[in-house]
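Here's the structure, in structure tokens; my notes come after.
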Amino acid sequence: MADKYTAHLLLGIDGGGTKTEFLLTDLNGREIKRVILGGSNPVNAGIESTCAVLEKGIMQICEGFDIGKISVFAGIAGLKAGENQKLINDFLSRFGFASHGCGSDIDLALEVALNGKNGTVVIMGTGVVAYTRSDEKLYRTGGRGYMIDKGGSGFHFGSDALNSAFEFIDGRGGSETVLKLVEKRLGKKLEASVAEIYSGGVAYVASFAPAVFEAYGLGDSEALKIIDRNAHEAAKIINGVRKPLRNSYDKIVVCGGLCKQKDILYSFLMKYIEGEVSLTFLDEPMVNGAISLAARSAEKC
């Protein structure tokens, strides 16, 4: 059995707007090595930056192993836009893997959350997108990026936190509690941090999302409004993706970084989701879906 595991390994890659996770396992899914780097969404960072993150992670996690005996699958947010999937597939082909494949982060979510069955998957990470699977068909809403989508993502929670903090500074309302939590995260005054926030980009803005939930836990009314607004926008996406099915499939699974706030988000989402549904939050890492898809590719080697 030992030869089986050393003869062929699996590499799963889960790339989002905030972080990219690399997991190397044996053919039975037992972890050998794990690496976590920064975000790799090509829509936000550009394809060159995505490739740089992927190359760094692949080199680190494959060090000391025969790359020709590794099957890889990379699920990267934003990969369905333009020619990104072809570019990343061509990029992976240069390493000499035993087999390689790539898709979007939703491919990983569908694999882990639904295991080939019908239902709806919502990714609430740095961005927000929902897919409903009905047999061989997929229906999608959202996932158009921070400039187009209006709420329900880590970016929007973070942006709303910053806006609320500045509103309080300006005397336009907002929340003093959120301001204090944002400045605690910054380690300095918010007014001195505008350039840093803009240079940090989408993922950096999303990193302020926890301030909203912490403020809510402290009883802050403005934080409640922010959560309610974003949950409403996420529910619109969920309701929209389920309309072609006339709500015939009631299983809804939420994935992504905002799952950490499931105890708070559950009631807010259920307030706006239409129909009788089963709403669950996925605790399993989505990189496991990449391992599963890499294993399918390995079977063909």
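Quick notes
- Nearest-ten-degree value, helix 194-206 long axis tilted from longest Cα axis of the chain: 60
- Between segment 232-294 and segment 151-180, the C-alpha centres lie 25 angstrom from each other.
- Volume of the Cα convex hull of segment 1-141, divided per residue and given in Å³: 112
- Inverse mean reciprocal Cα-Cα distance (Kirkwood Rh) of segment 104-147, Å: 10.6
- DSSP-defined beta bridges in the chain - what % are antiparallel, rounded to 5: 55
- Applying 0.36 nm per residue to the separation of Tyr204 and Lys260 and subtracting their alpha-carbon distance, the gain on full extension is 18.4 nm.
- About the centre of its Cα atoms, the chain shows a dipole size close to 420 debye [charges on the beta carbon of Lys, Arg (+1) and Asp, Glu (-1) only; nearest 20 debye].
- Neighbour cut-off at most 13 other Cβ (10 Å), DSSP loop, trypsin sites (Lys or Arg not before Pro), segment 209-258: Arg246
- Under Karplus coefficients 6.51, -1.76 and 1.60, residue-wise ³J(HN,Hα) of segment 65-78 in Hz, glycine/proline x: 10, 7, 5, x, 10, 10, 9, 10, 9, 10, x, 10, 4, x
- For segment 81-194, the fraction of alpha-carbon pairs in successive 5 Å shells from zero, as %: 2, 10, 14, 13, 14, 12, 10, 9, 9, 5, 2, 0, 0
- Residue of Glu21, Glu222, Glu191 that the Gaussian network model of the chain assigns the largest fluctuation, springs spanning Cα pairs under 10 Å: Glu191
- Label-to-label distance, Leu224 versus Glu176, with points set 7 angstrom from Cα along the beta-carbon direction: 1.8 nm.
- Separation of the Arg144 and Val194 label points, Cα + 7 Å toward Cβ, nm: 2.9
- For the chain, the spread of Cα positions along the three principal axes, ordered from largest to smallest, is 66, 47, 35 Å.
- The separation of segment 183-226 from segment 80-130, counted between C-alpha centres, amounts to 30 Å.
- The length gained on full extension between Glu31 and Glu136, counted as 0.36 nm times the residue separation minus their Cα-Cα distance, comes to 34.7 nm.
- Available extension along the chain between Ile169 and Leu186 is 4.6 nm, counting 0.36 nm per residue and deducting the alpha carbon span.
- Remark on segment 140-267: hydrodynamic radius 15.4 angstrom, per the Kirkwood mean of 1/r across alpha carbon pairs.
- The residues neighbouring Val53, those whose beta-carbon lies less than 13 Å from its own, together hold a net charge of -2 under the Lys/Arg +1, Asp/Glu -1 convention.
- Neighbour cut-off at most 13 other Cβ (10 Å), DSSP loop, trypsin sites (Lys or Arg not before Pro), segment 15-121: Arg30, Arg94, Lys117
Here, each number is a calculation from the coordinates, and none is a lab measurement. Being a predicted model, the structure only gives us computed values, none of them experimental. Don't worry about glycine lacking a Cβ; one is built from the backbone with ideal geometry, like all the others, and counts go over all protein chains shown.
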